[in-house]
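Trainee: Take this structure, written in structure tokens, and hold onto it; I'll ask about it next.
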Amino acid sequence: MSSEHSHLRPETTVGRVLTEFGPTILQPVCEPLDVQRRVKTIIIQDPEDELDVGEGALVLGIGLRSSDAVRKAIDDLGDRSAAGLIVRAPFEASAALRAAVKSAGVPLLSLSHGASWGHLAAMLRTLMTPRNPDGARGRSFGGITAGDLFAVANSIAALLKASVTIEDRHSRLLAFSSVRESVDSSRTQTILGRQVPAQYTRFLEDAGVFQAIYRSDGPVNVAPLPAAAGAPPEETGRVAIAVRAGDEILGTIWVASEGLSSEQDRVLRESSELAAMHLIWQRADADIERRISDELLASVLGRGSGSAEAARKLGLRDEPSVVFALSVGAPATADLSYADVAAERRKVADAFATHFSFAHPRAASCRVEEVTYGVLPIATTNADVSVTRLAEEFVARVRTPLSPLIGIGRVVPVLSDLPRSRSQADRALHVLESSSLSGQVARFEDVYAEALLLDIPRDAVELPSGPIARLVAYDAEHHSSLVDTLSAWLNAFGDVADAAKATYVHGNTFRYRLRRVIEVSGIDLEDPRARFAAMLQMRLIDLASGREDSNP
């Protein structure tokens with residue numbers, strides 16, 4: 001980092017990470033601790049996956065619990081010049097592990113109980129806002145690199161000599177100061193959960209506190225939370241101020257204090273204006289960066305003339321990778337407006353991108369019209385399991401009234417084959433959207449047959465011919481179920497007993513209906529080609545009508 005940048009944003013090192021997030025979130029497990037190690041990237045490492053870590057990586061060791069497993073990871077990370085390893089607290093280091101840490105020189109930290117890995121990764125990435133890559137002086141507000149909200153919080157805390165948090169309109173934590181004084185239970189819970197506890201938020205809303213903050217042009221004194229809100233007796237009062245951009249409320253600043261002097265009141269007012277500039281810049285910069293990234297990755301996935309240069313700018317390597325395609329279906333209820341649905345879809349797409357960035361440091365995502373694509377490098381021999389699990393974990397965790405669906409292409413060996421994996425992911429997604437399958441995740445190789453059937457022109461699907469056409473017409477005229485009878489018989493491989501059980505009729509009744517199928521349609525059930533043609537046409541009819549049941 002050049003000297004002209006140093007006053008704007010400190011280099012992200014293990015020492016700065018501990019300064020900002022310790023001891024509430026992170027604590028060192030054992031000495032020695034190389035606090036000068038530079039943190040270049042954040043990696044969430046699953047112990048079941050192969051290690052794919054470069055120099056300067058701070059590794060979140062999810063699932064690493066035993067000293068032996070951590071010692072092996074430390075040895076591997078030492079060979080790769082990693083920045084450090086974080087494990088879940090409580091963690092007791094054995095003598096052998098302490099020796100390994102000393103030999104490798106890799107700092108070992110622990111994540112406090114109650115803090116989530118996802119929130120830690122998000123805060124670490126916020127701390128590591130990228131500098132201007134061309135070496136020019138970066139934009140700053142008030143001597144602080146634009147968008148560095150942690151530095152803003154620390155600056156306010158230093159001036160007011162009190163702990164500070166910066167939150168958005170939904171009481172989600174954006175940044176907090178590293179000042180240790182006046183740390184009470186609600187601050188600790190907010191930092192650990194990256195969100196003001198729900199019971200506190202409800203109490204403040206019921207008491208009209210937020211309304212008072214949003215109406216006021218200056219700081220508002222907030223009394224300590226009472227025991228009725230679940231707060232302990234040692235709870236400290238707060239002074240809060242809204243962060244505004246014109247008439248828009250961007251968020252709030254909360255200071256752990258029972259009251260401010262007139263000079264401190266002025267400082268907080270000015271600080272709210274400074275925070276507003278950083279929040280506006282952060283939002284605008286994120287939008288610009290997202291658009292550029294989307295255009296670059298869309299070029300890579302589309303095999304355009306500039307795809308190689310676009311891949312280089314995105315940091316993609318010529319390595320085995322797989323493409324995911326996400327779409328978000330209509331809400332289960334009609335309670336959401338069009339604007340609400342659009343906002344919800346954007347939220348799910350953003351969560352999808354974040355989910356993938358946690359999975360691999362070189363993962364990339366983009367949105368093309370209504371589909372969000374994710375490109376994931378694969379470094380594991382058990383790729384089929386890991387990519388499916390990643391998608392299933394996302395749809396299980398994301399909270400939305402909409403229905404996210406994810407199609408997964410095949411793993412391709414080189415970067416130039418990504419358009420093929422993208423096409424396969426699109427086709428798998430199309431199968432899911434056809435409602436012909438249950439579930440929200442599908443790999444292309446698992447739905448290959450359905451994808452082929454959906455490629456058949458729709459007019460061919462809508463007009464069955466021969467025996468099936470005669471059965472469909474007969475059922476429509478006589479309100480019978482001969483098509484379902486034939487379907488059940490084919491599903492049961494000709495076993496009448498099983499087919500009768502599936503259709504909830506007596507065996508003799510089913511035999512009678514099957515004879516009527518033959519009489520009406522003229523189908524020869526002894527002919528394998530006739531059976532195949534019947535199965536194919538009924539499957540096409542099901543795909544076209546979007547039925548949930550799965551015929552042969």
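The values are calculated or read from the model by the stated rules, or taken from the named source; none is laboratory data. Not measured: the values here are computed from a predicted model. Ideal geometry is used to build each Cβ from the backbone, glycine not excepted, and the neighbour counts take in all protein chains shown.
Trainee: Any residue in region 438-445 that is in the same structural domain as residue 328 (by TED's automatic domain parsing) and modelled with pLDDT under 85? Steps first, please.
Mentor: Going through region 438-445, the residues in the same structural domain as residue 328 (by TED's automatic domain parsing) turn out to be 438-445.
Now restrict to residues that are modelled with pLDDT under 85: 438-439.
Yes - at least one qualifying residue is present in region 438-445.
Trainee: Surrounded by fewer than 19 Cβ atoms within 10 Å (Cβ to Cβ), at pLDDT 80 or above and either among the polar types (S, T, N, Q) or in contact with a Gly (Cβ under 7 Å, 6 or more places away or on another chain) (or both): does that describe residue 354?
Mentor: Answer is yes for this residue.
Trainee: Right, here's the next one. Yes or no: residue 190 outside the structural domain of residue 122 (by TED's automatic domain parsing), at pLDDT below 85 and in a helix (DSSP H, G or I)?
Mentor: For residue 190, the condition - outside the structural domain of residue 122 (by TED's automatic domain parsing), at pLDDT below 85 and in a helix (DSSP H, G or I) - is met.
Trainee: Okay, next question. Which one is modelled with the lowest pLDDT, of the residues in region 33-44 that are in contact with a helix residue (DSSP H, G or I) (Cβ under 8 Å, 6 or more places away or on another chain) and of a type outside the set (Lys, Arg)?
Mentor: So the residue we want is 44.
Trainee: So, in region 487-502, of the ones that are assigned to a loop (DSSP other than H, G, I, E, B) and without any contact (Cβ under 8 Å) to a residue 12 or more places away in the chain, which residue ends up nearest to the chain's Cα centre (by Cα)?
Mentor: By that ranking, first place goes to 492.
Trainee: OK, next. Name the one entry in 517, 505, 496, 483 that is among the hydrophobic types (A, V, I, L, M, F, W, C) and surrounded by fewer than 16 Cβ atoms within 10 Å (Cβ to Cβ). Write out each step before concluding.
Mentor: Details: 517 fails: surrounded by fewer than 16 Cβ atoms within 10 Å (Cβ to Cβ); 505 fails: surrounded by fewer than 16 Cβ atoms within 10 Å (Cβ to Cβ); 483 fails: surrounded by fewer than 16 Cβ atoms within 10 Å (Cβ to Cβ).
The unique qualifying residue is 496.
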